[in-house]
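Report on the structure given below.
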Amino acid sequence: MEEEKTLKKMAEAFKELANTINQCPDGEEARLELGPFSRACSLVSPLFRCLGIAFKFAELDYVAKVNDLVEASTSISVLPVMVDGDIEADCVRRGGSHTRNLLRVKRGIDMVKVLFEHIISSEGNSLKDPASKAYAQVFAPYHGWAIRKAVAAGMYALPTKAQLLNKLNEDETSARIQMQNYITSATPVVKYIDQLFISRELGIDW
């Protein structure tokens with residue numbers, strides 16, 4: 001099955017990215033390659049799909065922007081070069097720019113990380129509380145009223161935790177391990193991307 005072990009593939013791909021970042025000497029900016037980064041991000045897409053209609057908008061938006069980065073990786077080697085290229089072209093905040101898309105993709109990675117943190121720490125079979133908290137924390141500040149209302153309505157159609165694990169071919173124990181692995185590895189990746197923006201005075205709240 002193509003999506004056989006989505007969580008494991010996600011966790012392993014992000015571990016490689018985290019290793020690249022963590023091996024960089026202090027004070028130096030890691031030259032994270034766009035190819036492996038965009039491929040790792042594409043492995044997160046099936047998870048959004050498993051969450052159903054509440055995150056349909058996030059899935060469509062995320063997939064489109066990851067695809068842009070995958071395409072960009074054929075001609076751009078590393079993330080810092082991509083961002084600097086958009087700065088030089090004065091198109092950082094323009095719709096469709098690689099840098100704008102990177103910021104949106106980062107939020108998708110972060111949302112899944114926060115979702116996993118809440119799933120691990122919560123009791124019971126409902127995903128409504130973990131998903132609502134993750135959405136409120138990561139996406140809601142950047143969404144208009146109409147999207148927020150649609151997401152709130154969609155929360156009632158979320159799968160249960162058991163249904164999600166079933167879709168992902170995981171049991172409770174294996175899922176917990178892989179979710180924690182993803183959290184551990186995604187954390188430095190999110191921080192690295194934030195720093196790419198902050199160090200260039202681009203800001204991250206737009």
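The values are calculated or read from the model by the stated rules, or taken from the named source; none is laboratory data. Quick caveat, the model's predicted, so the values are computed rather than measured. Cβ atoms come from the backbone with ideal geometry, glycine included; neighbour counts cover every protein chain shown. Please note that ligands, DNA and RNA were not included when accessible areas were found on the heavy atoms of the full protein model with its side chains. Shrake-Rupley method; radii C 1.70, N 1.55, O 1.52, S 1.80 Å.
I want the local charge near ILE204. Using Cβ-Cβ distances under 14 Å, sum +1 for each Lys or Arg and -1 for each Asp or Glu among the other residues.
Details: positive: ARG93, ARG100, ARG104, LYS106, ARG107, LYS191, ARG200; negative: ASP110, ASP194, GLU201, ASP205.
Charge balance near ILE204 sits at +3.
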Note on the range 1-149: contact order normalised by length, alpha-carbon pairs under 8 Å, 6 or more apart, percent, works out to 18 percent
Under a 1.4 Å probe, counting only protein heavy atoms, ILE147 has an accessible area in Å², nearest 10, of 70 Å²
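What helices does the chain hold that run 27 Å or longer along their axis, going by alpha-carbon atoms, with a Kyte-Doolittle average of -0.5 or more, using DSSP H for the helix calls?
Working: long enough: 98-121 (34 Å, 0.09); 172-199 (40 Å, 0.01).
Sorted by number, the helices that extend far enough and score high enough are 98-121, 172-199.
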Once amide hydrogens are built 1.01 Å from N within the peptide plane, the residues lying 5 or more places from VAL78 or on another chain with amide H under 5 Å from its amide H are LEU34
Treating only Lys and Arg (+1) and Asp and Glu (-1) as charged, each at its beta carbon, one finds that the range 25-154 has a dipole about its Cα centre, in Debye to the nearest 20, of 720 debye
With every protein chain in place, the accessible area of SER199 for a 1.4 Å probe, in Å² rounded to the nearest 10, comes to 70 Å²
For LYS191, counting only lysines whose alpha-carbon sits under 23 Å away and dropping same-chain residues fewer than eight positions off, the answer is LYS8, LYS9, LYS15, LYS65, LYS106, LYS113, LYS133
Calculating Cα extents along the principal axes in Å from this structure picks out, from (1) 49, 39, 34; (2) 53, 35, 26; (3) 49, 38, 30, entry (3)
Per residue, accessible area of the chain with a 1.4 Å probe, heavy atoms of protein chains only, in Å², comes to 49 Å²
